[in-house]
Amino acid sequence: MRLSVRLAIAVVLCLALGGLGVHYAVSYDDRWPYPTENTLADDYGDHIGEETLVFGRVTAIDTAADELTLEAEADDGTRLEFVADDVPTDGGQPAVQEGGFVQVYGTLEPDGEIATSETVVVNPNARSETYKLAVSAIALLTGTAYFFVHWRPTLAGWEVRRG
Amino acid sequence: MAELLSHLLLVWAVLTIASWRLEWLTPRWVAVGVIGGILPDLNRLAIGVPERAIADLLGVPFQLDAIHTLGGVVILAGIGAMTFAQNQRRAFGLLFAGAFVHLLTDAVKSYADGQAAMWLYPLTSYRHPTPNLYVSADPEVLALSIGVAGIVFVVDRRRRIRPNSTQLREKRRDA
């Protein structure tokens, strides 16, 4: 395939990718089965009693009251605070610390409270995110290096590295 | 998503096993598949380039998470394939295969409501049930991936050292 043709196809595909990103964002609230953070930021009261799945960073844990406070963010930066009535435990201790990240599935109640059906601890603490980023950075470097062992860049595009 | 290292190790293992049956799937093409395994996680660019800034620039809502879907990786694999001087179709196939293994691995991780992400977008917004096998911060996921890749590496080395049946037939014929 000629370079000019490949360039033209790549430009069209880049535009398609941009369009996909826009459509994904515009249609997300309609496609997601629960009220999203955007929806809740606009009209929380209309969704009380509905099921929800919230993704948020843990800001406080009250083991005595069995309450987990988490913070989620809408696309426009509005911060939403939720209080889930379940602290997940592991060996009798809270399975998550402040700074951790959780998914909470349950029913929305007034004042940001959630009657929790299920909680998944995604990051037990703030360090978990650093761990994932560090390991992913190693993967990015080694994966790219592995590719460069076999391929070399030329003006016409990637070509097989010989010898 | 699991951390990227687990994804790339699993992509490498799957494609290396496939190479035992497919003669054309040489290590250089496995390497292309490994790069494909990175594609879905390019939505992580949002860490460095805030989506809000892109949306403000475009004047319309925009989410990089579209990349972490079937439609996103098809387009990205297409763009990637166009950067190859030859064999663009094969490059597309391998980039897509790597990205697809990545998405499949993510399709079995934990969700509190028991249903996976809408990764089949834009074909459908269906969220299939997930077996809730892992969360991304589980070190066990990385340990398992290293174990699987290690076993595949050892078997692959043995296969390369040991002459295959065709070579053996040729040797017998020459004798």
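Using a 10 Å cut-off around each Cβ of peptide B:27-37, what is the average number of partner chain Cβ atoms that fall inside?
On the way: counts 3, 7, 2, 3, 9, 4, 1, 6, 6, 1, 2.
Mean partner-chain Cβ count within 10 Å for B:27-37: 4.
Tell me, what % of the accessible area of the protein assembly as shown is carbon and sulfur with a 1.4 angstrom probe?
Details: 10360 of 17550 Å².
C and S atoms contribute 59 percent here.
Go through region A:57-88 and flag every residue whose accessible area shrinks by 30 Å² or more with all protein chains in place compared to the isolated chain (probe 1.4 Å).
SASA drop of 30 Å² or more in region A:57-88: A:Asp75.
At 222 nm, what value in deg cm²/dmol follows for chain B if DSSP H runs of at least 4 each add -39500 (n - 2.57) and the sum is divided by all its residues, to the nearest 500?
My calculation for chain B gives -18500 deg cm²/dmol from helical runs alone.
Cα axis of helix A:3-31 to longest principal axis of chain A: angle in degrees, 0 to 90, nearest 10?
That helix lies at roughly 10 degrees to the long axis.
If you roll a 1.4 Å probe over the heavy atoms of the protein chains, what accessible area per residue do you get for chain A, in Å²?
I get 54 Å² per residue for chain A.
Mind checking how much accessible area A and B bury in total, 1.4 Å probe, in Å² rounded to 100?
So the total buried area for this chain pair works out to about 4600 Å².
Which residues, if any, in region A:124-139 have at least 50 Å² less accessible area in the whole protein complex than in the isolated chain, probe 1.4 Å?
At a threshold of 50 Å² (probe 1.4 Å), the residues of region A:124-139 that become less exposed are A:Tyr131, A:Lys132, A:Val135, A:Ala139.
Return, for the Cα atoms of chain A, the radius of gyration and Dmax in Å, separated by a comma.
Cα radius of gyration and Dmax of chain A are 22.6, 69 Å respectively.
With just the Cα atoms defining each centre, how far is region A:9-58 from region B:113-153? Give it in Å.
Between the Cα centre of region A:9-58 and that of region B:113-153, the gap is 22 Å.
What FRET efficiency comes out for A:Thr154 versus B:Leu22 if R0 is 22 angstrom and r is the Cβ-Cβ distance? Round to the nearest 0.05.
0.25
R0 = 30 Å: FRET efficiency of A:Thr63 with B:Glu140, Cβ-based, nearest 0.05?
Once the sixth-power term is evaluated, E becomes 0.70.
Add -39500 (n - 2.57) for each DSSP H run of 4 or more in chain A, then divide by its residues: what number comes out at 222 nm, to the nearest 500 deg cm²/dmol?
About -13000 deg cm²/dmol.
Mean Kyte-Doolittle hydropathy of 0.0 or higher plus an axial Cα length of 24 Å or more: which whole DSSP H helices in chain B meet both?
B:88-106, B:139-161
Classify chain B from the C-alpha gyration tensor, please: rounded if a/c falls under 1.5, else prolate or oblate depending on whether a/b exceeds b/c.
prolate
From Cα pairs below 8 angstrom and at least 6 apart in sequence, can you work out the relative contact order of chain A, rounded to a whole percent?
Values: 234 pairs, mean separation 25.3, N = 163.
Reported relative contact order: 16 percent.
The values are calculated or read from the model by the stated rules, or taken from the named source; none is laboratory data. On a predicted model such as this, the values are computed, not experimentally measured, just so you know. For neighbour counting, all protein chains shown are included, and Cβ atoms are generated from backbone atoms with ideal geometry for every residue, glycine included. We work out accessible area using only protein heavy atoms, side chains counted, and drop any ligands, DNA or RNA first. Shrake-Rupley method; radii C 1.70, N 1.55, O 1.52, S 1.80 Å.
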